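Data first, discussion second: the structure below is written as structure tokens.
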Amino acid sequence: MTNTALPGPAAPNPAASNITKPNSPTTDTTAIVTGGTRKLARRKGRVEPIYYLFLLPTLVIFTLAITVPGIMGIFFSFTDSIGIGEWSFNGLTNYIAMFSDPAILQSYLFTFGFSIATVVVVNVVAFMLAVGLTSRIRFKTGLRTIFVIPMVISGIIIAYVFNFLFSNSIPAAGAATGIPWLSTSLLANPDLAWVAIVIVTAWQAVPGTLLIYIAGLLSVPGEVYEAASIDGANKRQQLLRITLPLVAGYVVINVILGFKGFLNAYDIIVGLTNGGPGTATRSVAMTIIAGFNGGDYAYQMANATIFFIVAVLISLLQLSLTRGRNAL
């Protein structure tokens with residue numbers, strides 16, 4: 001009699017057991033998560049219309065107040081317009097003439113020299129004050145408030161106050177003490193009037209630069225100075241070899257922003273010297289505005305166009321120097 005083996009239950013297949021059925025909860029959850037992720041990605045890549053609504057008023061005002069007048073000014077720099085009435089094209093005549101105009105060349109020379117001197121004075125004074133105001137001294141919070149006050153005062157008011165000091169108070173003090181070089185107004189000396197402008201401009205500009213340096217110094221970890229002290233470094237060595245390298249990005253930003261801002265100097269110069277004595281302290285901005293009032297509209301628009309190009313080049317230099325820095 002032949003024994004026939006009956007088929008028993010099939011052995012479980014490990015590979016088959018890991019296959020998830022199409023309608024299983026796991027598959028449904030995965031599909032939901034994947035779909036939600038795709039919707040979220042599409043939502044992140046899309047700008048909400050409400051943002052454009054908030055941007056539109058500013059864009060319109062900027063276009064009407066800045067862009068359109070700027071384009072019109074560049075257009076009229078190639079004409080002989082006096083600001084009103086008829087005009088005709090004259091090509092590059094205004095640009096060629098301004099490069100041989102001693103008054104314009106003098107204004108550029110003064111503006112750049114004044115800006116460089118003021119940048120040096122402002123950054124040196126602001127950095128020294130920042131080091132002192134971030135050290136362990138008493139009343140440093142109150143002192144920070146006091147040093148920031150000049151930043152919130154109008155430049156023309158500051159200029160008129162210092163004009164009185166340089167023209168009256170200081171000469172009177174010089175005559176009373178018998179000091180000859182103090183007995184005359186510094187503003188009346190064509191060779192030294194720029195010194196007074198640098199002093200007053202720096203007095204107002206130091207607070208803004210000071211705040212940036214304070215932020216930079218406070219970002220330096222205290223452990224760095226503790227390690228340097230353990231290694232025997234004194235305060236001067238810590239300042240030169242630790243502080244300055246770590247705040248180098250702040251120095252670059254302050255120098256570039258300060259230089260670009262001082263190129264537009266106008267109100268303080270008007271209040272102190274009004275461009276005098278003669279034209280010794282007339283800046284580029286003063287020359288352009290004086291030309292507008294004197295009927296040299298197209299000629300000074302050519303000057304303004306060149307000045308605008310200079311400002312753009314300085315801005316590009318700032319971007320190239322600060323790219324990759326984490327100072328601010």
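The values are calculated or read from the model by the stated rules, or taken from the named source; none is laboratory data. Everything quoted here is computed from the prediction, not taken from an experiment. Neighbour counts are summed over all protein chains in view; Cβ atoms, including those assigned to glycine, are modelled from backbone coordinates with ideal geometry.
Scanning region 261-278 for residues that are part of a loop (DSSP other than H, G, I, E, B), under 19 Å from the mean Cα position of the chain (by Cα) and free of Cβ contacts under 8 Å to residues at least 60 places away in the same chain turns up 264, 266.
Looking only at region 152-159, decide whether some residue is touching a Leu at 6+ places or on another chain (Cβ under 6 Å) and without any contact (Cβ under 8 Å) to a residue 12 or more places away in the chain. No, because not a single residue in region 152-159 is touching a Leu at 6+ places or on another chain (Cβ under 6 Å) and without any contact (Cβ under 8 Å) to a residue 12 or more places away in the chain. Restricting region 267-326 to residues that are touching a Gly at 6+ places or on another chain (Cβ under 9 Å) and of a type in the set (Phe, Trp, Tyr) leaves a set whose member that is surrounded by the most Cβ atoms within 10 Å (Cβ to Cβ) is 299.
Could you tell me whether residue 258 is under 26 Å from residue 319 (Cα atoms), touching a residue at least 60 places away in the same chain (Cβ under 8 Å) and either not in a helix (DSSP H, G or I) or not β-branched (Val, Ile, Thr) (or both)? So that I can check it myself, show each step before the final result.
On the way: under 26 Å from residue 319 (Cα atoms): yes; touching a residue at least 60 places away in the same chain (Cβ under 8 Å): yes; either not in a helix (DSSP H, G or I) or not β-branched (Val, Ile, Thr) (or both): yes.
It is true that residue 258 is under 26 Å from residue 319 (Cα atoms), touching a residue at least 60 places away in the same chain (Cβ under 8 Å) and either not in a helix (DSSP H, G or I) or not β-branched (Val, Ile, Thr) (or both).
Quick one: would you say residue 263 is in contact with a Leu (Cβ under 7 Å, 6 or more places away or on another chain), modelled with pLDDT of 90 or more, among the hydrophobic types (A, V, I, L, M, F, W, C) and surrounded by 16 or more Cβ atoms within 10 Å (Cβ to Cβ)? No: the conditions fail for residue 263. When the residues of region 182-208 are filtered to those that are small (Gly, Ala, Ser) and in a loop (DSSP other than H, G, I, E, B), the one that is surrounded by the most Cβ atoms within 10 Å (Cβ to Cβ) is 185.
Against the criterion of being under 27 Å from the mean Cα position of the chain (by Cα), surrounded by fewer than 14 Cβ atoms within 10 Å (Cβ to Cβ) and within 30 Å of residue 256 (Cα to Cα), residue 211 does not qualify. Restricting attention to region 233-255, the residues being in contact (Cβ under 8 Å) with a residue 40 or more places away in the chain and either among the basic types (Lys, Arg) or surrounded by 15 or more Cβ atoms within 10 Å (Cβ to Cβ) (or both) number 9. Restrict the check to region 290-313 and report whether at least one residue is under 12 Å from the mean Cα position of the chain (by Cα) and modelled with pLDDT under 90. Looking through region 290-313, at least one residue is under 12 Å from the mean Cα position of the chain (by Cα) and modelled with pLDDT under 90. For region 120-142, a tally of residues being of a type outside the set (S, T, N, Q) and touching a helix residue (DSSP H, G or I) at 6+ places or on another chain (Cβ under 6 Å) returns 9. Note on region 214-243: among residues that are more than 26 Å from residue 260 (Cα to Cα) and not in a helix (DSSP H, G or I), the one that is nearest to the chain's Cα centre (by Cα) is 220.
Among the residues of region 129-145, the ones that are free of Cβ contacts under 8 Å to residues at least 12 places away in the same chain and either surrounded by 13 or more Cβ atoms within 10 Å (Cβ to Cβ) or over 23 Å from the mean Cα position of the chain (by Cα) (or both) come to 10 in all.
Among the listed residues 178, 174, 155, which satisfies the condition of being over 29 Å from the mean Cα position of the chain (by Cα), closer than 30 Å to residue 283 by Cβ and not basic (Lys, Arg)?
174
Among the residues of region 289-299, is there at least one that is of a type in the set (Val, Ile, Thr) and either closer than 18 Å to residue 122 by Cβ or in contact (Cβ under 8 Å) with a residue 12 or more places away in the chain (or both)? Yes; the residues of region 289-299 include at least one that is of a type in the set (Val, Ile, Thr) and either closer than 18 Å to residue 122 by Cβ or in contact (Cβ under 8 Å) with a residue 12 or more places away in the chain (or both).
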